[in-house]
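Visitor: Sharing a structure, written as structure tokens. Questions coming.
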Amino acid sequence: QVQLAESGGGLVQAGGSLRLSCAASERTIGTYTMGWFRRTPGKERAFVAAITWSGGNTYYADSVKGRFTISRDNAENTVYLQMNSLKPEDTAVYYCVARYGSGGYYPNDYHYWGQGTQVTVSS
């Protein structure tokens, strides 16, 4: 059972930056696809970004391309989401996710979820 713990959320003004971190309990995440989803009140969880086990491939939602960067450090069992040029519409609870092997763009594609961290962007 992989446990994921997010950190780094908070309140930031529009145009600012935050870096989210996700610490995994298992060393074997080196073979997992890792990613981030977000959810705003009244909406379904939405794909944000994902990174393959080697870090060689990354995927982003159109709404965050060019502003967010996902990366991973398998030696530290950690995945990061660097968020720049933040907008009020980025306000959400952000969830770290993982699955063994290849990932996808839908919540059901991922087996493991963190508890979430709140990101609030003020205008």
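Visitor: Per residue, what accessible area does the chain have, given a 1.4 Å probe and all protein chains present, in Å²? Could you put the intermediate results ahead of the total?
Guide: Values: 6440 Å² over 123 residues.
Here the residues of the chain average 52 Å² of exposed surface.
Visitor: One-quarter of the Cα convex hull surface for the chain, in nm²?
Guide: Its average projected convex-hull area is 6.7 nm².
Visitor: Counting only protein heavy atoms and using a 1.4 Å probe, what share of the accessible area of the chain belongs to carbon plus sulfur, as a whole percent? Walk me through the intermediate numbers first.
Guide: Details: 2890 of 6440 Å².
That share works out to 45 percent.
Visitor: What is the Cα radius of gyration of the range 73-118 over 2.2 N^0.38 Å, N being its residue count? Walk me through the numbers before you get to the answer.
Guide: On the way: Rg = 12.5 Å, N = 46, 2.2 N^0.38 = 9.4 Å.
The value comes to 1.33.
Visitor: What ranking do 42-48, 109-115, 79-85 get when scored by the average of other Cβ atoms within 10 Å per residue, highest first? Don't skip to the answer; put the middle values down first.
Guide: On the way: 42-48: 15.0, 109-115: 17.0, 79-85: 20.7.
Listed from highest to lowest mean packing, they are 79-85, 109-115, 42-48.
Visitor: Provide the per-residue ³J(HN,Hα) series for the range 6-12, in order, calculated from phi with Karplus coefficients 6.51, -1.76, 1.60 and θ = phi - 60°, each as a whole number of Hz, with x at glycine and proline positions.
Guide: Couplings: 8, 8, x, x, x, 9, 9 Hz.
The values are calculated or read from the model by the stated rules, or taken from the named source; none is laboratory data. On a predicted model such as this, the values are computed, not experimentally measured, just so you know. Glycine gets a Cβ as well: all are built from the backbone with ideal geometry, and neighbour counts include every protein chain shown. With ligands, DNA and RNA removed, areas are computed over all heavy atoms of the protein, side chains included. Shrake-Rupley method; radii C 1.70, N 1.55, O 1.52, S 1.80 Å.
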